[in-house]
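The values are calculated or read from the model by the stated rules, or taken from the named source; none is laboratory data. What you see is a predicted model; the values in this text were computed from it and never measured. Ideal geometry is used to build each Cβ from the backbone, glycine not excepted, and the neighbour counts take in all protein chains shown.
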Amino acid sequence: NAGVTQTPKFQVLKTGQSMTLQCAQDMNHEYMSWYRQDPGMGLRLIHYSVGAGITDQGEVPNGYNVSRSTTEDFPLRLLSAAPSQTSVYFCASSYGGGYGYTFGSGTRLTVV
Amino acid sequence: AQKVTQAQTEISVVEKEDVTLDCVYETRDTTYYLFWYKQPPSGELVFLIRRNSFDEQNEISGRYSWNFQKSTSSFNFTITASQVVDSAVYFCALMIKAAGNKLTFGGGTRVLVKP
């Protein structure tokens, strides 16, 4: 009964490095999303997916890539990390049909 | 386009006072869902309530109550007799079914309950 699992919980990157934030859910949810949370700005949608093989951009997609090869996994890739990407990242999943999203515990990323 | 506005950035109250959090949303769609989430200091996001656009019935659940008014596009949230454990950031969010069930958040309201 894990829900939404995000790894790692903390990460420090140097400018220009790349990395992948992992997200997995075991609830057979079709819908998955990535958000970033910056102080005073709420949560902003980066990318989302309505099912395996289908992804689309959210509000702030630049600098990030996603793919959805399985229903369970939705990794977020930072191509070339920048200090502006220092943030807390949340992954979430939902059945859709108006059901709320279940959120992972977040990844705190610092880019130096 | 969909938008959620939480005009109150921070509210400070003394324990046992009531707190009302305002939420105003914008959408042209007729089928949508509204949510409130709580983010305590530990950082996780906790789902509190969901309302669909066809259900304007207001609800009370323990110390929490919600007031949904389509005429003013508002979905306000009240904590009655606040407690220190209610200290958190509260987010209002809007989901449009026709937009792939994307969830759009307001900026959040930080509630500080002092003993």
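Determine whether the stretch A:67-75 contains at least one residue that is assigned to a strand (DSSP E or B) and crowded, with 19+ Cβ neighbours inside 10 Å. Checked the stretch A:67-75: no residue is assigned to a strand (DSSP E or B) and crowded, with 19+ Cβ neighbours inside 10 Å. The listed residues are A:107, A:5, A:86, A:70, and the only one of them that is of a type in the set (Ser, Thr, Tyr) and within 10 Å of the chain's Cα centre (by Cα) turns out to be A:107. Remark: pairs (first residue in the stretch B:1-30, free of Cβ contacts under 8 Å to residues at least 24 places away in the same chain; second residue hydroxyl-bearing (Ser, Thr, Tyr) and surrounded by 12 or more Cβ atoms within 10 Å (Cβ to Cβ); Cβ separation under 7 Å; 6+ apart in sequence or on different chains) = B:30/B:53. Inspection of the stretch B:73-92 identifies no residue that is touching a Leu at 6+ places or on another chain (Cβ under 6 Å) and within 10 Å of another protein chain (Cβ to nearest Cβ). Put simply, of A:2, A:24 the only residue that is crowded, with 19+ Cβ neighbours inside 10 Å and among the small types (Gly, Ala, Ser) is A:24. Evaluate the stretch B:33-44: report whether one residue or more is touching an Asp or Glu at 6+ places or on another chain (Cβ under 8 Å) and either touching a residue at least 24 places away in the same chain (Cβ under 8 Å) or within 29 Å of residue A:9 (Cα to Cα) (or both). No, the stretch B:33-44 contains no residue that is touching an Asp or Glu at 6+ places or on another chain (Cβ under 8 Å) and either touching a residue at least 24 places away in the same chain (Cβ under 8 Å) or within 29 Å of residue A:9 (Cα to Cα) (or both).
The number of residues in the stretch A:59-88 being modelled with pLDDT under 95 and within 14 Å of another protein chain (Cβ to nearest Cβ) comes to 1. Put simply, of A:76, A:13, A:43 the only residue that is aliphatic (A, V, I, L, M) and touching a His at 6+ places or on another chain (Cβ under 9 Å) is A:76. Summed over the stretch A:39-58, residues that are in a loop (DSSP other than H, G, I, E, B), more than 8 Å from chain B (Cβ to nearest Cβ) and surrounded by 14 or more Cβ atoms within 10 Å (Cβ to Cβ) total 1. Among the residues of the stretch B:1-52, those that are of a type in the set (Ser, Thr, Tyr) and under 14 Å from the mean Cα position of the chain (by Cα) comprise B:5, B:9, B:20, B:25, B:33, B:37. Of all the criteria given as (1) in contact (Cβ under 8 Å) with a residue 12 or more places away in the chain; (2) away from every other protein chain (no Cβ under 14 Å); (3) of a type outside the set (D, E, K, R), the one not satisfied by residue B:67 is (1). Taken as a whole, the stretch B:100-109 holds at least one residue that is more than 9 Å from chain A (Cβ to nearest Cβ), buried (at least 17 other Cβ atoms within 10 Å of the Cβ) and not charged (D, E, K, R).
Within the stretch A:89-112, work out how many residues are facing another protein chain (nearest Cβ under 7 Å) and farther than 16 Å from residue A:49 by Cβ.
4
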